[in-house]
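The values are calculated or read from the model by the stated rules, or taken from the named source; none is laboratory data. For clarity, every value in this text was computed on a predicted model and none was experimentally measured. Cβ sites come from the backbone with ideal geometry, for glycine too, and all protein chains shown count toward neighbours. What goes into the accessible areas is simple: the full protein's heavy atoms, side chains included, and nothing from ligands, DNA or RNA. Shrake-Rupley method; radii C 1.70, N 1.55, O 1.52, S 1.80 Å.
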Amino acid sequence: MAIPIIQLENLNLYYDKGKPSEVWALKNINIEINKGEYVAFFGPSGCGKTTLLYTISGIDISKVTDGKILINGRDLRQFSQKELAIFRQMGIGIIFQQFNLIPSLSVLDNVALPMAFLGVSLDRRKEEAANLLARLNLTPYAGRYPSELSGGQQQRVGIARALANNPPIIVADEPLGNLDSENANKVLEFLKELNEKDGRTVIMVTHEAWSLRDAKRIFYIKDGEIVKIEEPKGKTETAKSITSHVMEELYPDITSKELIAKSLSHLFLRGYSNDEIKRFEFFLVQRFNDKLDKDTFRAVLDRPYKHGGLGLWKQKAAKIAEMTEELIERRKDIDRIHKELELNLEVPLYEEIRKLSGWLLEEFSGKITDIQKIKLEEIVSERLRKIISSEDFLKVLRLPKNEFGLGLSLRVSQRMSDKLDSILGDSEPALMQ
Ligand code: ADP
Ligand code: MG
């Protein structure tokens, strides 16, 4: 029988209550999580995932205005300071996205630290910490400092530390955000093991749909509300397709940004490895959401790969950064165009279309005739109004001039069509492997 370990009842939380900057970060949350369950909180950046996770962890709960946070039936809001401290030390293990390791302590001491406040002797602490490090294949690094480890290794130290006092509940806040796919997979495998072998309750927070693969229940969050609860059944494949369908329905804007990032990263980094492309995609989404400013975005492109950047040549980085900024501008045009078209599908939009066509023509170094130009503007307009598809657009570009096409080469046509697709964000990139 399912026994609830966490119950949230009518939970509401505000930041900056009463000030102009007030944010209603959690709205009427009602959920139950059972002992031994593996669940995920999913939703776009800023929707309230971290806030919800912290609330369950007993952090910052003074901001909760009403509702209950029941752990094994007892309300955290009624706990004394001391009880709360004990719960945080032994009741729950938190894995942070930013690892949060203490730079001046060795790996071993970082892992042993949470035990220090529980009266465990120093020898016992070191022994336990060494066992945890062994479990995460980190024994050779015990004496090193966090800065001497790779991101994946630091994250594993973070996991070992979260396990330090053997807590029955493990929460992980975007634990894969800064990892390449190999390390991300290792972390997912380990969370699954903690759940299946150790029987711990696991709550994972993520904004990446693929990392939901092991969750038995997914809570979808939007603007501080749980908007959907899904129990993926059957094979992972089925679960995946349900999720992408749900995504489009719940987060149409995000889906199009992610599609754009996906097609762009394939377009710009043709021939690069999957990990590089994925990392670039991540940076792009951050840039689209203004989580990275222009200069930082440019800087991460040529920062060495092992330092969390993309390791591109300076010139290539500069070029890609420039193209991305241009695209963000074009994208704003597109949003404006879509808004106007929503009001009136007949509105001509000459200037916008001329601008977009000119931008597409940068892919073509030959001489373009007036007739070709007019034809291009015509099909760009039709593409924007969704009268023609991406394939039809490509076909007309390639079609010989005497058949009313533009008569461009396959290569140029493909590039122009990809470029337009990439800002419209309405079709999967053709080049995905
Ligand atoms: P997520 O983890 O899903 O990205 P968060 O829980 O961090 O979302 O944030 C939810 C909302 O609360 C956002 O609008 C965010 O700006 C706001 N917020 C988060 N932390 C604070 C804080 N300490 N002070 C004020 N607002 C905050
Ligand atoms: Mg967060």
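The modelled label-to-label distance for the pair Ile387/Asn289, using points 7 Å beyond Cα in the direction of Cβ, is 3.7 nm. Convex hull volume of the C-alpha atoms in the chain, normalised per residue: 176 Å³. Placing dummy labels 7 Å off each Cα toward the beta-carbon, the span from Thr369 to Gln98 is 6.0 nm.
The relative contact order of the stretch 112-259, computed from alpha carbon pairs under 8 Å that lie at least 6 residues apart in sequence, is 15 percent. Using the alpha-carbon centroid of each, what span in Å lies between the stretch 316-388 and the stretch 111-127? Computed from Cα coordinates, the inter-centre distance equals 62 Å. Normalised by 2.2 N^0.38 Å, with N the number of residues, the alpha-carbon radius of gyration of the stretch 352-432 equals 0.99. So which of Lys294/Lys339; Lys262/Lys319; Lys228/Lys278; Lys68/Lys216; Lys222/Lys257; Lys367/Lys401 end up more than 21 Å apart by C-alpha? Violating the 21 Å Cα-Cα cut-off are Lys294/Lys339; Lys228/Lys278; Lys68/Lys216. In the stretch 288-433, Cα pairs under 8 Å separated by at least six residues give a relative contact order of 15 percent. Entry note, the chain: relative contact order of 14 percent, from Cα contacts under 8 Å with a spacing of 6+ residues.
Accessible surface ranking for Lys27, Lys82, Lys228, 1.4 angstrom probe, highest first: Lys82, Lys228, Lys27.
In the context of the full set of protein chains, residues of the chain present 51 Å² of accessible surface per residue (probe radius 1.4 Å, heavy atoms only).
For trypsin sites (Lys or Arg not before Pro), the sites in the stretch 345-429 that DSSP calls loop and that have at most 15 other Cβ atoms within 10 Å are Lys367, Arg385, Lys386.
Computed with a 1.4 Å probe over protein heavy atoms only, the accessible area of Thr139 comes to about 80 Å². Annotation for the stretch 250-344: trypsin sites (Lys or Arg not before Pro) lying in DSSP loop with at most 12 further Cβ atoms inside 10 Å of their Cβ are Arg270. Here the chain is treated with +1 on each Lys and Arg Cβ and -1 on each Asp and Glu Cβ, and its dipole about the Cα centre works out to around 860 debye. The antiparallel fraction among DSSP beta bridges confined to the chain stands at about 55%.
Reducing the stretch 129-185 and the stretch 253-270 to their Cα centroids gives an inter-centroid distance of 30 Å.
Looking at the stretch 320-428, the GluC sites (Glu not before Pro) that sit in a DSSP loop and have at most 14 other Cβ atoms within 10 Å of their own Cβ are Glu346, Glu362.
Legend: Rg and Dmax of the stretch 257-343, from Cα coordinates, 13.6, 49 Å.
When exposed loop sites are taken as chymotrypsin sites (Phe, Trp or Tyr not before Pro) in a DSSP loop with at most 14 other Cβ atoms within 10 Å, the longest stretch of the chain clear of them is 118-312. What the Kirkwood sum gives for the stretch 138-263 is a hydrodynamic radius of 16.3 Å, with every pair of different alpha carbons counted. Under a model in which nothing but the beta-carbon of Lys, Arg (+1) and Asp, Glu (-1) is charged, the stretch 246-404 shows a dipole of about 700 debye around its Cα centre.
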